[in-house]
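Structure first, commentary second.
FYI, it's all coordinate maths here, none of it is from the lab. Keep in mind that what you see is a predicted model, and the values were worked out from it rather than measured. Note that we place each Cβ from the backbone using ideal geometry, even for glycine, and neighbour counts take in every protein chain shown.
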């Protein structure tokens, strides 16, 4: 098989090929590495690569298969992991100078599960520092560029993972999504990105940003590839107290179930926030579902209009608390100073980038005396209100349809000096995080500048199987 | 009507957050935070009645693991962090300032 043909294979085809010895894990890996060596210098999707380690791992998998062993459903599949997910003995920075050179003493549960299923870890992908951003420009180690147009951002914060999948440097990747950080870069890079239900995927080993919102999920070229990864990484983990005591999600068997008879609600309140081209993509996607037998109608969820404001109180507040642990004593950077307090101040001031400082300041302000009740607690009330809005919507619809990002990929530098403009990139994705429900971004064609557009399918908690069946139907009908 | 954040408030919050800001940083941060505070001020304008605040997504399927001892990471794993000294001990700077 030619390297080009190998890059076209889905995750399941690669694993089945390697398990049945019609493919070798090593030849699959070399096809991806060849692609990576050509384009990665321009894209910069990785913060750390371990190609030698990946080769040794692929050879080991080939030997195990030849001995009659079955390494698992991701056997020989080259993957990448966002660099805020810890990997034992392998540099993990979360895109921050404050963790430069730190080597974690353990693997995150999701990494254990990927490796346990036979995946080949190629490297750690770039991100906005501590996952705070929507463009990957806030990485301390330089931005990632969109493989569709190198002058554009890949989205963020999982921009490295999205770009690596879009450029075929890996078959699939993991990201984390606190306010859209899997789905928005997936949309901007033309790949599939899944934010599963809160509690469905273990966060043991995820460097925390906002603990009531963070969720790990897959980015992949197709809905099926994402579904295979989701089945591998989901399921209860006793090491994460917020992990639901449920088995792994079962989503692959029902991907071809279709949408006949399903009630699909178009969230006009979110469509109204998008550019005309993105809005018409959502409308076209709705017509495609209707053509396939779904009952499509508009569903009003006006509460989503307040979601962005609530998110930008709650997420920074939780971040300001979570990032207190980066004090120069425990991890990474330590700037010497005569007193403990001076050491902490010097380390944090030199180690954190501007966006992280801005969010810590914002969160500290929202939690400070005099503002806690008016901002933080009030934002939590809005969160309850938003949950009621979605509960009402779920009485009328089985899934909801919305834009993923209000626009296609913007130019590097276009929003990086305007925090409010950057934060508005998250307006269509934050509602699902605030209510803990799943959502997926699926590619839906391109705009006039040949930049990918993503549409978002939202579902009630634990309804990933139905959500991904709808996504698969959209994928089949999407313009090429 | 929302009042803007002052330079004094920016300095106070930076002190709470253990961040050092230069005078130029203070003014830039004041300007940037003012813009973001205008965005988030919407939460104050929403009439949510007497709804209870949601701290966390409600779940009836989370549980703490059994309270049983399990092996810790161990010295070999901690050595990966590069923070063990020649005696195999984790070295940290003084974190109490007795007599200061």
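Quick one: if the Förster radius is 45 Å, what FRET efficiency do residue A:272 and residue B:61 give, using the C-beta to C-beta distance and rounding to 0.05? Efficiency for this residue pair is about 0.80.
Principal-axis analysis of the Cα atoms of chain B puts helix B:23-40 at an angle of about 70° to the longest axis. Here A:195, A:124 are placed in order of increasing Cβ neighbour count within 10 Å, fewest first, which gives A:124, A:195. Computed extension length for residue A:150-residue A:450: 106.7 nm, one decimal, from 0.36 nm per residue of separation with the Cα-Cα distance subtracted.
Given a cut-off of 17 Å, what percent of all Cα-Cα pairs of segment A:344-480 lie beyond it?
Values: 6636 of 9316 pairs.
So the pairs more than 17 Å apart make up 71 percent of the total in segment A:344-480.
Here segment A:122-173 and segment A:240-278 have alpha carbon centers that stand 24 Å from each other.
Separation of segment A:327-343 and segment A:409-457, taken as the distance between their Cα centroids, equals 37 angstrom.
When a/c reaches 1.5 or more, the comparison of a/b and b/c decides; with that in mind, is the protein assembly as shown rounded, prolate or oblate per its Cα gyration tensor? Display every interim value, and only then the final one.
Numbers: a/c = 1.59, a/b = 1.10, b/c = 1.45.
Oblate.
Taking 11 Å as the cut-off, the amide N atoms of segment A:132-147 that come nearer than this to a point 7 Å along the Cα-to-beta-carbon line of residue A:354 belong to A:138.
Subtracting the Cα-Cα distance from 0.36 nm times the residue separation, let me have the gained length for residue A:22 to residue A:295 in nm, one decimal.
Working: separation 273, 0.36 × 273 = 98.28 nm, distance 4.35 nm.
Stretched out fully, the residue A:22 to residue A:295 stretch lengthens by 93.9 nm.
In percent, rounded to a whole number, the relative contact order of chain A is 17, using alpha-carbon pairs under 8 Å and six or more apart. Between the alpha-carbon centres of segment A:40-83 and segment A:183-216 there is a gap of 22 Å. A helix-only calculation puts chain A at -12000 deg cm²/dmol for mean residue ellipticity at 222 nm, using -39500 (n - 2.57) for each DSSP H run of at least four residues, averaged over all residues. Let me know the shape class of chain B, please: from the alpha-carbon gyration tensor, a ≥ b ≥ c as square roots of the eigenvalues, rounded when a/c is under 1.5, otherwise prolate if a/b is greater than b/c, or oblate. Oblate, because a/c is 1.5 or more while a/b does not exceed b/c. Based on DSSP H segments of at least four residues, each scored -39500 (n - 2.57), chain B has a per-residue ellipticity at 222 nm of -10500 deg cm²/dmol. Here the spin labels are modelled as points 7 Å beyond Cα on the Cα-Cβ line, and at residue B:34 and residue A:63 they lie 6.6 nm apart. In this structure, residue B:23 and residue A:254 have a Cβ-Cβ separation that, at R0 = 56 Å, corresponds to a calculated FRET efficiency of about 0.40. Per-residue Cβ neighbour counts within 10 Å put A:202, A:157 in the sequence A:202, A:157, beginning with the fewest. Is the shape of segment A:337-417 rounded, prolate or oblate, going by the alpha carbon gyration tensor and its root eigenvalues a ≥ b ≥ c, with a/c under 1.5 for rounded and a/b larger than b/c for prolate? Cα axes put segment A:337-417 in the oblate bin.
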